[in-house]
Amino acid sequence: MPSWSRRVLFRIVVVAALGLAPTAGRAACGSANCFLFTNTSAGMARPGAFIVDLSWRYVPMDRKLEGSSSTDTVLTPRIDFENETIEPDHHEEISTLNSLVELALIWGATPRLTVTGVLPLMVRHDHEHFDDADTPDPVFSSTDGGAGFGDAQVGLRYGFLVTGRNLLDGTLAIKAPTGAWQLLDSEGAITEPGLQPGSGSWDLIASVHYEHQVRPDRLEWFVNGSWRDNRANSLDYTVGDESVVSVGIESAIGARAFWSMQVNARHAGRDDYLGDPVPSTGSTWVTLTPGLRSAGTVSVYGYVQVPVYQYVNESNLAPSYGVQLGVSAAF
């Protein structure tokens, strides 16, 4: 077998193995899994290089907020898709435990063009709340969460400035409605949009990334910004647009590892249903995120998100912390 055929076969086997590996909301749930920036899948891949990044993220949403203040009770609406109405204060939220297993694929097409893909292998929302909170007899529910394959993304990244010390690139990606988005709750109705693995809509994502090598391969700082333009699904529900800005620094620890520190700011707009704003959707979060990763062709990494500032419209749940663990391999 020619050497190039063996390399292609090896890459296919690696991707298949990672894709079959055992796996461990919106409102704010789905996006909560996604707004941490990691260097493992950023930047330009060298021509012909292939990068595989497999990660696990866990974000418990159990902080009850009204605006930016703690509260004892969080009431959120129910979207009655069957009758096309919004029922205010229908749920009393307790917690949503979000986990995500994601496979990112990056291929260097040319020195300035990189192809990216993201496969959410498992999106899971374990949710507890009281139904009918606006009645004298609310009903506890712990089975209305959702789980499954999420919405896949494919994109193109172009390097506007690629030098020994500076990198400026931009990415344009499309999110396809590949995840389930009409799962039913315990009463047989379509469950909350924030608990579905997918959104049911085609969305556009744009991002820009800049990094400067203060000391090549030893010390760098970076800025990353992204914006997601969310569209309506066939039920006329639109998740609020989202913007994220991350600023950070990464430095070597000896020859085998790097430590990093970054600040992440995320703003999500209010959701919309049938042209009406949805109460208790939309938020602004700022987190401080320390991280570690090993150096080399195969890199293991971990990040912890610590909330610094959290604000929600009306009342809703917010994360108490976030964790991301992963492995990245370059071929």
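Where a number appears in this text, it was derived from the coordinates with a stated rule and is not lab data. Keep in mind the model is a prediction, meaning the values are calculated, not measured. Here the Cβ is made from the backbone with ideal geometry for all residues, glycine too, and neighbour counts use every protein chain on show.
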Go through 117, 153, 168 and say which Cα lies farthest out towards the positive end of the charge dipole of segment 117-183; charges sit on Cβ, +1 for Lys and Arg, -1 for Asp and Glu. 168
Estimated vicinal HN-Hα couplings, Hz - segment 172-180 in sequence order (Karplus 6.51, -1.76, 1.60; Gly, Pro = x): 10, 10, 10, 9, 9, x, 8, x, 4
Near the amide H of residue 322, under 5 Å away, which other amide H atoms are found, from residues 5 or more places off or on another chain, if H is placed in the peptide plane? 305
Note, ³J(HN,Hα) from phi for segment 223-229, Karplus 6.51, -1.76, 1.60, rounded to Hz, x at Gly and Pro: 9, 9, x, 9, 9, 10, 9
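Just how large is the dipole of the chain about the Cα centre, in debye to the nearest 20, putting +1 at every Lys and Arg Cβ and -1 at every Asp and Glu Cβ? Before the final figure, lay out each step's value.
Working: 22 positive and 37 negative charges, 623 e Å.
Computed charge dipole of the chain: roughly 3000 debye.
Just the Kirkwood number for segment 3-330, please: inverse of mean 1/r across all distinct Cα pairs, in Å, one decimal.
On the way: mean 1/r = 0.0486 Å⁻¹.
This gives a value of 20.6 Å.
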Which residues in segment 73-107 place their backbone N less than 19 Å from a point set 7 Å from the Cα of residue 135 along the Cα-to-Cβ direction? 75-94
Once amide H atoms are placed 1.01 Å from N in the peptide plane, what residues at a sequence separation of 5 or more from residue 49, or on another chain, have their amide H within under 5 Å of its amide H? 108
